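The values are calculated or read from the model by the stated rules, or taken from the named source; none is laboratory data. Just so it is clear, the structure is predicted and the values come from calculations on it, not from any experiment. Cβ sites come from the backbone with ideal geometry, for glycine too, and all protein chains shown count toward neighbours.
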Amino acid sequence: MASYYSALCNEYDVDDMRNRIIRYLKHISVTVFFLIIAAVIFGLNIGASLSYAEDSQRMNWHNDGPYLFYENDSTVVVNYIEGNNNKGFYAEKKKYSTNSIIPAKSYFNLDSTSFDFTIYPKIETPKVVYNDDNKIIAISDIESSYKAFRDFLIAYKVIDQNLNWIFKQGHLVLVGDFVDRGFSTTQVLWFIYKLEQEAKSKGGTVHFIIGNHELKNLHGDYASSSPKYKFISSILGKNQFDLYSKNSVLGKWLASKNTIELINGILFTHGGLHPKIANTNMSLLEINQFIRAHYYRANYPKANKTINDFLISSKEGICWYRGYFKDDLSQIDVEVGLDKFNAKAIVVGHTLQSKVTTLFNKKVIAIDVKHPKDYHKNWPTPKSEGLLIDGDLFFRLFDNGKKEEL
């Protein structure tokens with residue numbers, strides 16, 4: 001009898017242990033399920049998405065270009081990539097005088113479109129301060145997504161369906177990071193160049209503000225660049241650094257751009273202004289000149305040696321700073337930089353947001369959102385956003401052409 005009860009108890013203990021394990025596993029499963037749901041919701045709120053497919057056209061480099069390099073003081077060589085992925089690629093070259101006005105075309109093979117533009121020999125450094133009553137549309141961090149950029153501008157009648165400028169005397173402000181992480185960098189850059197020329201002829205202005213990824217390419221840091229451009233460089237008989245070197249037309253054009261501008265009382269820069277800006281006696285013009293002198297010098301991880309070196313720091317520099325979102329700043333910390341330049345607010349990219357939003361009593365407008373990629377399919381599909389400034393009013397712009405006051 002004792003052995004019977006002992007066996008019964010043992011069987012009961014086994015069943016009890018089994019039930020405990022099952023309950024434990026259920027609790028773990030439920031907890032993991034809710035953690036996954038929470039992670040997905042959090043990711044969606046900050047603009048994260050899952051890439052699940054790539055379009056094969058990303059490897060179609062036929063007609064890619066143009067890539068222009070100065071052969072000497074009197075000759076510039078225009079290169080287009082020809083061929084296919086099966087038989088190989090080669091560079092089709094044509095030479096012009098450096099004083100020539102060069103007709104050019106940029107192809108976008110994903111939807112079999114192209115645009116014509118003209119390359120001029122003279123490259124001028126833009127102004128730093130602008131004052132008028134014209135509208136401002138700003139967008140940032142396109143990251144080589146030509147189609148998203150093009151379609152957004154069409155939706156807001158900056159350009160028409162034929163890609164011609166129709167924004168009259170308006171300001172289109174591109175707040176940095178239009179390169180890297182995609183296969184359409186060359187198309188995006190020449191598209192900006194084309195719009196810049198057309199806007200100027202119509203009384204409008206395209207402001208291409210240099211971001212940290214444009215700086216990386218000028219520095220020779222291609223960690224975020226598509227491998228495509230390593231292969232393109234090889235086809236051209238160049239190193240990747242040559243694509244934006246002082247000896248390339250695109251490089252010379254990029255190196256002429258500003259890192260911060262004041263437009264109708266609003267500052268535009270890619271990263272932001274560290275409170276240390278109050279300690280410098282430099283004007284906006286001098287800040288741009290100082291940083292531009294370092295475009296072809298990688299500045300990190302060197303320590304700051306002078307009072308102004310923070311301006312080119314990869315942590316505190318205005319192309320890199322994330323303090324509005326990462327640091328424990330006061331309202332005074334934010335406004336000290338605005339007051340220094342008599343600015344009403346500052347518009348920044350660089351730090352990803354779930355939507356165009358305002359911070360610090362509308363003194364900071366953050367416009368870096370995740371845009372759709374040309375050759376990647378993502379879930380959920382990102383939606384482009386931008387900013388409209390019309391007088392004293394600020395509007396969040398959606399990719400469908402609708403807007404919402406901030």
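Looking at (1) in contact with a helix residue (DSSP H, G or I) (Cβ under 8 Å, 6 or more places away or on another chain); (2) modelled with pLDDT of 95 or more; (3) surrounded by 18 or more Cβ atoms within 10 Å (Cβ to Cβ), find the lone condition where ARG58 falls short.
All conditions pass for ARG58, except number (2).
Pull up the range 131-152, narrow it to residues that are in contact with an Asp or Glu (Cβ under 9 Å, 6 or more places away or on another chain) and of a type in the set (Gly, Ala, Ser), then point me to the one that is nearest to TRP320 (Cα to Cα). Give the derivation first.
Step one: list which residues in the range 131-152 are in contact with an Asp or Glu (Cβ under 9 Å, 6 or more places away or on another chain), which gives 135-136, 139-148, 151-152.
Adding the requirement that they be of a type in the set (Gly, Ala, Ser) leaves 140, 144-145, 148.
Working: SER140: 14, SER144: 19, SER145: 21, ALA148: 24 Å.
Restricting to residues being in contact with an Asp or Glu (Cβ under 9 Å, 6 or more places away or on another chain) and of a type in the set (Gly, Ala, Ser), the top hit is SER140.
Would you confirm, using the coordinates I've provided, whether PRO103 is surrounded by fewer than 17 Cβ atoms within 10 Å (Cβ to Cβ), in contact with a strand residue (DSSP E or B) (Cβ under 8 Å, 6 or more places away or on another chain) and part of a loop (DSSP other than H, G, I, E, B)?
Working: surrounded by fewer than 17 Cβ atoms within 10 Å (Cβ to Cβ): yes; in contact with a strand residue (DSSP E or B) (Cβ under 8 Å, 6 or more places away or on another chain): yes; part of a loop (DSSP other than H, G, I, E, B): no.
Judged against the criteria, PRO103 is not a match.
Checking the conditions here, which among THR358, THR351 is touching a Leu at 6+ places or on another chain (Cβ under 7 Å), polar (S, T, N, Q) and at pLDDT 95 or above? Explain how you work it out, then say what you get.
Values: THR351 fails: touching a Leu at 6+ places or on another chain (Cβ under 7 Å).
Of THR358, THR351, the one residue that is touching a Leu at 6+ places or on another chain (Cβ under 7 Å), polar (S, T, N, Q) and at pLDDT 95 or above is THR358.
Pick from LYS362, LYS355: which is among the charged types (D, E, K, R), closer than 25 Å to ASP132 by Cα and in contact with a strand residue (DSSP E or B) (Cβ under 9 Å, 6 or more places away or on another chain)? Give the steps one after another, and end with the answer.
Values: LYS355 fails: closer than 25 Å to ASP132 by Cα.
The unique qualifying residue is LYS362.
Can you tell me which residue is farthest from the chain's Cα centre (by Cα) among those in the range 106-120 that are outside any strand (DSSP E or B) and touching a residue at least 40 places away in the same chain (Cβ under 8 Å)?
So in the range 106-120, the residues outside any strand (DSSP E or B) come out as 109-112, 120.
Right, trim to touching a residue at least 40 places away in the same chain (Cβ under 8 Å) and you get 109-110, 120.
On the way: ASN109: 21, LEU110: 20, TYR120: 25 Å.
Top of the filtered list is TYR120.
Could you run through the range 120-139 and say how many residues are buried (at least 22 other Cβ atoms within 10 Å of the Cβ) and closer than 26 Å to ALA104 by Cβ?
Qualifying residue count, the range 120-139: 2.
Considering only residues that are farther than 22 Å from TYR80 by Cα, assigned to a loop (DSSP other than H, G, I, E, B) and touching a residue at least 60 places away in the same chain (Cβ under 8 Å), which ones fall in the range 159-186?
Of everything in the range 159-186, those that are farther than 22 Å from TYR80 by Cα, assigned to a loop (DSSP other than H, G, I, E, B) and touching a residue at least 60 places away in the same chain (Cβ under 8 Å) turn out to be GLY176, ASP177.
Quick one: LYS302 ticks every box in (1) closer than 15 Å to ASN212 by Cα; (2) modelled with pLDDT under 95 except a single one, so which number is it?
(1)
Conditions: (1) assigned to a helix (DSSP H, G or I); (2) more than 22 Å from ILE266 (Cα to Cα); (3) not aromatic (Phe, Trp, Tyr). GLU124 meets all but one. Number of the miss?
That leaves (1) as the condition not met.
With assigned by TED's automatic domain parsing to the domain that holds ASN258 and in a loop (DSSP other than H, G, I, E, B) as the only criterion, which of LYS373, LYS377 stands out?
Numbers: LYS377 fails: in a loop (DSSP other than H, G, I, E, B).
LYS373 is the lone residue from the list that is assigned by TED's automatic domain parsing to the domain that holds ASN258 and in a loop (DSSP other than H, G, I, E, B).
Which of the residues spanning the range 127-154 are outside any loop (DSSP other than H, G, I, E, B) and either touching a Gly at 6+ places or on another chain (Cβ under 8 Å) or within 23 Å of HIS213 (Cα to Cα) (or both)?
Across the range 127-154, the qualifying residues are ILE136, ILE137, ALA138, ILE139, TYR146, LYS147, ALA148, PHE149, ARG150, ASP151, PHE152, LEU153.
State which residue pairs qualify: first residue surrounded by fewer than 17 Cβ atoms within 10 Å (Cβ to Cβ) and inside the range 389-406, second residue assigned to a strand (DSSP E or B) and of a type in the set (S, T, N, Q) in any location, beta carbons under 9 Å apart, and separation of 6 or more residues or different chains.
Hits for this filter: LEU406/THR357; LEU406/THR358.
Identify the single condition in (1) touching a helix residue (DSSP H, G or I) at 6+ places or on another chain (Cβ under 9 Å); (2) more than 21 Å from PHE208 (Cα to Cα) that PHE341 does not satisfy, given that it satisfies every other one.
Looking at each condition in turn, PHE341 falls short on (2).
Of all residues in the range 205-223, which are aliphatic (A, V, I, L, M), outside any helix (DSSP H, G or I) and over 15 Å from PHE268 (Cβ atoms)?
If the condition is that a residue be aliphatic (A, V, I, L, M), outside any helix (DSSP H, G or I) and over 15 Å from PHE268 (Cβ atoms), then ALA223 is the only one that fits.
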